[in-house]
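Let me begin by presenting the structure, written as structure tokens, before commenting on it.
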Amino acid sequence: MKKSDFPIGIFDSGIGGLTVLKEICKVLPYENIVYFGDTARVPYGIRSPETVTKYALECIRYLLNHKIKLLVVACNTASAISLKDIRENVKIPVVGVIEPGAKAAITITKNKKIGVIGTEATVKSGAYRKAITEFLPQAEVFELACPLFVPLVEEGWTDDIIAYLIAEKYLKSMINKAVDTLVLGCTHYPLIKNVIQKIMGTVCLVDSAIETSLTVSKILNDNNLLKDNSISVNKKFFVTDSPDKFIAVGERFLNDKIINIERIAL
Ligand code: DGL
């Protein structure tokens, strides 16, 4: 098998990374994918940096046994905290979600006031702020944790009045800061984009999942690593807890069937 026909590996703390998988499949429909969701230990967003890195490296070691040609760290929390350690342990290209999201935000903003919403751990890490101000030092970055968005999305309450009220309460401070760009810095947030957009009005929302898929496509193109499109496409899912909930919620995320799934023990 040629290296270009190897799958793309996608790692996430659980189910949220499917939003990244979905965007990658839109731009690269012929690629094979191996997805790993650490569903037994999700959420990562409330854990300490040491724990996030330990968990992430354990999962990625497993993914690497599947001869992947590129690794996507779809989880914003793991990207924010552990990307350097992951890169030190992996010999293939590694794409995190922070840099693509940050770069998109700085090209969009006009007033240089950028908001970032994510998990507590992502916000605490300051990773988006660092990435944004590295590219645009004059930027003012306002980071905000919105921890209730993850369970809301997993419950499927994405268009519900409850989602609206919670989002309104969280985002009030962002409106007061007059940001013109808001980065959705968590895998789950693209699924409540409509509610967030209604509250934020004309503020431009940056979907890190879309930006990451474009980065992946560019790296594969630049390195002649695109799969031969005459070979059939395969998607394989590994989870660390029962696949039942992953399938039920994941099929809603993807709007597609999840069939090739296996529960593994690390
Ligand atoms: N995948 C996580 C992220 O994007 C959200 C869920 C979690 O806390 O593990 O930050």
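If Lys and Arg each add +1 and Asp and Glu each add -1, what is the summed charge of the other residues whose beta carbon sits under 14 Å from the beta carbon of Ser4?
Details: positive: Lys2, Lys3, Lys67, Lys69, Lys227; negative: Asp5, Glu31, Asp222, Asp228.
For residues surrounding Ser4, the net value is +1.
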Enumerate the calculated ³J(HN,Hα) couplings along region 161-175 in order (Karplus 6.51 cos²θ - 1.76 cosθ + 1.60, θ = phi - 60°), each rounded to whole Hz, writing x wherever the residue is Gly or Pro.
-> 4, 5, 4, 4, 5, 5, 5, 4, 5, 4, 8, 3, 5, 5, 5
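From the P(r) of region 17-82, can you give the percent of Cα pairs sitting at distances over 21 Å?
Working: 532 of 2145 pairs.
Distances greater than 21 Å cover 25 percent of the Cα pairs.
Given +1 on the Cβ of Lys and Arg, -1 on the Cβ of Asp and Glu, and no further charges, what dipole in debye does region 174-238 carry about its Cα centre, rounded to the nearest 20? Display every interim value, and only then the final one.
Working: 7 positive and 5 negative charges, 48 e Å.
For this selection, approximately 240 debye.
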Shape box of the chain [Cα atoms, principal axes, largest first, Å] | 54, 38, 37
Region 44-96: which trypsin sites (Lys or Arg not before Pro) are DSSP loop and have at most 14 other beta-carbon atoms within 10 angstrom?
-> Lys67, Lys91
What is the pair-distance distribution P(r) of region 206-248, computed from all Cα-Cα distances in 5 Å bins starting at 0, with each bin given as a whole percent?
-> 5, 16, 13, 15, 21, 18, 11, 2
Simple Cβ-charge dipole of region 214-266, Lys/Arg +1 and Asp/Glu -1, about Cα centre, in debye nearest 20 | 40
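So what's the net charge close to Ile15: Lys and Arg +1, Asp and Glu -1, counting the other residues with Cβ under 13 Å from its Cβ? It would help to have the intermediate numbers written out before the result.
Working: positive: Lys22, Arg41, Lys245, Arg252; negative: Asp12, Asp38, Glu154, Glu155, Asp241, Asp244, Glu251.
Local charge sum for Ile15: -3.
Please arrange Met200, Met174 by counting, for each residue, the other beta carbons lying within 10 Å of its beta carbon, fewest first.
Arranged by neighbour count, lowest to highest, Met200, Met174 become Met200, Met174.
Cut-off is 10 Å between beta-carbons; in what order do Asp228, Asp256, Asp180 appear when sorted fewest neighbours first?
By the 10 Å Cβ count, ascending, the order reads Asp228, Asp256, Asp180.
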For region 144-266 (alpha-carbon point model, no solvent) the Debye-based log₁₀ I(q)/I(0) at q = 0.15, 0.20 Å⁻¹ works out to -0.89, -1.16
With label points set 7 Å from each Cα along the Cα-to-Cβ direction at Ser230 and Ile46, the distance between them in nm comes to 5.3
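None of the figures in this text is laboratory data; all of them are computed from the coordinates on show. Every value quoted in this text rests on a predicted model; they were computed, and no experiment measured them. Counting neighbours? That spans all protein chains shown, and the Cβs are built from the backbone with ideal geometry, glycine included.
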